[in-house]
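**Student:** Could you have a look at this structure, given as structure tokens, before my questions?
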Amino acid sequence: MVHFNFQGLRLTRLERPVKMIPVFKTQRSCPISPMISILVLHGPNLNMLGTRERSLYGALSLKDVNGAIETFAAQEGIRVQIRQSNIEGELVTWIQEAKDRIDAIVINPAAYTHTSVAIRDAIAAVDIPTVEVHLTNVHARESFRRRSYIAGVVIGQIAGFGPDGYVLGIRAALAYVKRNPAQTPS
Ligand code: DQA
């Protein structure tokens, strides 16, 4: 150590420069931080879960469903980001923003399942493994619900298991990501 005076103050300088400590990136490419990130998207009217057509969709609110997703994510040591929108373009934007940042998407596109070429194209464009989830068994309901614009661009669909479908979907996405690490962000 070297002591010196500067404007009446007694200062001490370390003789050797302080070593810079390398800062590691927190992306999945870094071997010390392999945390998998999953984006969970809820489409229109799912904000009304718990009050909406309870005989079909059950009594749990979206907050309850998201709580179960977060608990599962914490148990698995993965990161989840959960968003809901009633606006098609907003869902499209969030899918686009996930490119190169998210390992997998789990989406319940709700009514947009049966109408949205834009959501389908967004999923195809980002090339992120995606699981389609429905609370109800859409294949056992009205005929228009049997057609999914999304099904052709996802790795699989889970329908009919109520809120458990989201956890099943995340489980499936996780297994897929682990089996196909080359498809994950670098
Ligand atoms: C739904 C099924 C859709 O047909 C419907 O429009 C929804 C919810 C489901 O989770 O079962 O809003 O996606």
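The values are calculated or read from the model by the stated rules, or taken from the named source; none is laboratory data. Since the structure is predicted, the reported quantities are computational estimates derived from the model, not experimental observations. Every residue, glycine as well, gets a Cβ built from its backbone with ideal geometry; the counts of neighbours run over all protein chains shown.
**Student:** If you go through region 83-90 one residue at a time, do you hit one that is touching a strand residue (DSSP E or B) at 6+ places or on another chain (Cβ under 7 Å) and either near the ligand (Cβ under 9 Å from one of its atoms) or of a type in the set (V, I, T) (or both)?
**Tutor:** no
**Student:** Run H134 past the list (1) more than 10 Å from the ligand (Cβ to nearest atom); (2) crowded, with 17+ Cβ neighbours inside 10 Å; (3) without any contact (Cβ under 8 Å) to a residue 60 or more places away in the chain and report the number of the one that doesn't hold.
**Tutor:** (1)
**Student:** Considering each of A104, A118, A125, A110 in turn, give the residue that is touching a helix residue (DSSP H, G or I) at 6+ places or on another chain (Cβ under 6 Å), farther than 20 Å from L174 by Cβ, away from the ligand (no atom under 13 Å from the Cβ) and not polar (S, T, N, Q).
**Tutor:** Just a single option satisfies the conditions, and that option is A118.
**Student:** Tell me which residues, restricted to region 37-63, are within 18 Å of G160 (Cα to Cα), among the polar types (S, T, N, Q) and within 13 Å of the ligand (Cβ to nearest atom).
**Tutor:** Listed by number, the residues that qualify are N45, S55.
**Student:** Can you give me the number of residues within region 137-152 that are in a helix (DSSP H, G or I) and either near the ligand (Cβ under 10 Å from one of its atoms) or buried (at least 18 other Cβ atoms within 10 Å of the Cβ) (or both)?
**Tutor:** Count: 4.
**Student:** What do you reckon, is A182 in a helix (DSSP H, G or I), modelled with pLDDT under 95 and over 15 Å from the mean Cα position of the chain (by Cα)?
**Tutor:** When the stated conditions are applied, A182 passes them.
**Student:** Across region 141-163, what is the total count of residues that are touching a strand residue (DSSP E or B) at 6+ places or on another chain (Cβ under 9 Å) and of a type outside the set (V, I, T)?
**Tutor:** Residues that pass the stated criteria total 8.
**Student:** How many of the residues making up region 105-133 are assigned to a strand (DSSP E or B) and closer than 17 Å to E88 by Cβ?
**Tutor:** 5
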